[in-house]
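**Q** The structure that follows is given in the form of structure tokens.
Quick note: the coordinates plus some simple rules give every number you see, no bench work behind them. Small disclaimer: the values here were computed from a predicted structure and weren't measured. Cβ placement follows ideal geometry from the backbone for every residue including glycine, while neighbour counts extend to all protein chains displayed.
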Amino acid sequence: MELKVNGRNVSLDLPGHVTLLEALRNDLQLNGPKYGCGYAECGACTVLVDGQAARACVMPLSAVAGREVTTLEGLGTRAAPHPVQRAFIEMEGAQCGYCLNGMIMTVAALLMQEPQPDRDRIRRALRHNLCRCGTHQEILAAAERAVVLMAENAPEARG
């Protein structure tokens, strides 16, 4: 199975029914996406597939053959975090951190498609991502901060 993960070509010798999450965590040692529920209900396993938010826990590996997969590790680096990652750090948008992967990946996908969402649109995008610690206000603040940081980092903003 051939696919691109975080910008590099990957070849996996796994059956097509293996989930993307299993391949990412077990075979590629990418631990950003988490196993939460196994039913695509909580969002902890969210990754980007061709720029769209997708639940890796229910996606068979065969569904991503030849496609581009981005995990939390592929968004940015410690030295140069992606604006969404930076916003979550600045706004302390996590408590235990288990939901963090899904929240960040969902916001990143939203901002790729809709650079200036309002709070209601952000809420709708995050409605299927669960946070058991109750940091919803911080998560919303981080998402709104990400909108600002993404605008500042846009090529036209650098001018």
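**Q** What is the sum of charges, Lys and Arg at +1 and Asp and Glu at -1, for the other residues whose Cβ falls under 15 Å from the Cβ of residue 86?
**A** Details: positive: 78, 145; negative: 90, 92, 138, 144, 152.
Surrounding charge for residue 86 is -3.
**Q** Quickly estimate the mean residue ellipticity at 222 nm for the chain, helices only: each DSSP H run with n ≥ 4 gives -39500 (n - 2.57), and the total goes over all residues, rounded to 500. Display every interim value, and only then the final one.
**A** Numbers: 6 runs with 56 residues, N = 159.
Using -39500 (n - 2.57) per qualifying helix, the result is -10000 deg cm²/dmol.
**Q** Oh, and also: Which entry in [x] 9.1; [y] 15.3; [z] 8.5 is this structure's computed mean projected area of the Cα convex hull in nm²?
**A** Identified label for the calculated read-out: [x].
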